Each structure stands twice: as structure tokens, then as C-alpha cells.
Amino acid sequence: MRNLVLRLVHVDRDFFSFFGIEPQLALDPVSLQTRFYELSRRWHPDKFAGQAPAERELALQNTALLNDAFRTLKNPVQRAEYVLSRHGLALDDAASKKVPPELLEEVFEMNMALDELKDGDASVKPQLQAAREGFAALLSAIDAQLQSEFRRWDESHAPAALVEVRAALNRRKYIHNLIKTVDRALEGA
């Protein structure tokens, strides 16, 4: 038991290292979950109930870290954001709020329809539904692009691949926000 406690003291705070896997963007969710259960059993605080208070505290801290790591790594978008932040490429809030040039017209029309809906004109609901469907299709296309960029980075660990991932995530965030805006408007109407 003493060796296990020493391992807990020296656990790397990098989520991938914590799970004992290589940093990658395209993870197998089943393997990740299996590893999560293995680590959960190994570091469950109940196993340390009879240990010194410091060792029990370490088990609690590592269990919390395990949960945070799993929550981040199991979600492809959160995992990508995590990898980007570890490489000094956090998402750009300004870029994720800037209308992509190819969407200027759609966003303008959506905003006009939102204003009309706010003024009580329910006849724009089908237009907003259609806009939402178009944005959802764009989101799906971005997710497919991300999967391709994930594999590219996993194979090469090339910084250029992460730059592409970042650009796609900024665009994804913008479009996801458009969908949420339309959803809120339609729910409130």
C-alpha cells in the first residue's frame, strides 16, 4: 500500500499522463472509459479509509483530478480545447464572436427575423427553423473537419494541425452560439 501512496503523491497533473496515455485528439471513448474505471478502483478514497489523513486527502485529490480529466478527455471539443491550451493556443474569444465572411448574409437575415419575432411577428418562425437547420448542418461539417484535423495532429503533432483545430473550434463556437440564440428565441416565442 505504501508504494501506491507514493505514486499518488507524484502523479503528473497532465490529464493524458494521469490516464497513462499518449496525448492525442482522436481517442477511443470505450478505452478511455475502461481506463477511467480501472483508475477509479485503484484510487477510490474508501481504499484509503484506514490510512493517515494526508494519504486520505491525496486519494480524494486524485479522485477529483481523475473525474476532471475524464470529463475533459471524453468530450472531443473539450479535449481539443485542453490540448490547445497546453500548447499556448487557447480559443480566441474575438475570433469566436466574429461572423465568418461566408455567413454574413445568413446571420443578417437571422438577426432581422429575430427582431421581427421579438416584435411579435410569429410568421418568421419557419425562417428561423430553416436557419437553425442550416447552422446545424454547418456544425456537423465542422465536426467532420475536426475529426480529420484530430487524426492529422495525432499522426504528426505538427503545430500547423493545431492551428487548424483552433480555427475550426472558433468557427464551431460561433455557429453553436447562433443555434443557441435561435433556440432561445423560438422557445420564448
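Computed from the coordinates by the stated procedures, all read-outs in this text should not be read as laboratory data. Computed from a predicted model, the values in this text were never measured in an experiment. Note that each Cβ is placed from the backbone with ideal geometry, even for glycine, and that neighbours are counted across all protein chains shown.
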Report summary line: For region 134-181, the percent of all C-alpha pairs falling in each 10 Å bin, from 0 up to the bin holding the max distance, is 29, 48, 19, 4
Requested in this report: Pairs of lysines 8 or more apart, or on different chains, with alpha carbons under 29 Å: count those in the chain, would you?
Outcome: 17
Requested in this report: Would you be so kind as to identify which of Gly120, Ala52, Val107 lies farthest towards the positive end of the dipole of the chain, taking Lys and Arg as +1 and Asp and Glu as -1 on Cβ and the Cα centre as origin?
Outcome: Ala52
Query raised in the report: Taking the chain as a Gaussian network, where each spring joins two C-alpha atoms under 10 Å apart, which residue of Ala161, Ala64, Ala80 fluctuates the most?
Result: Ala64
Query raised in the report: If we count every other residue with Cβ under 12 angstrom of His44's Cβ, Lys/Arg +1 and Asp/Glu -1, where does the sum land?
Result: +2
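Scale the Cα Rg of region 51-189 by the rule-of-thumb value 2.2 N^0.38 Å and send over the ratio, two decimals. Numbers along the way, then the final one.
On the way: Rg = 20.0 Å, N = 139, 2.2 N^0.38 = 14.3 Å.
Relative to the 2.2 N^0.38 Å estimate, region 51-189 comes out at 1.39.
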Requested in this report: Compare the Cα positions of Leu162, Leu84, Ala64 along the charge dipole of region 64-180 (+1 at Cβ of Lys, Arg; -1 at Cβ of Asp, Glu; about the Cα centre) and return the one farthest towards the positive end.
Outcome: Ala64
Query raised in the report: What whole number of Å gives the distance from the Cα centroid of region 140-173 to the Cα centroid of region 81-105?
Result: 12 Å
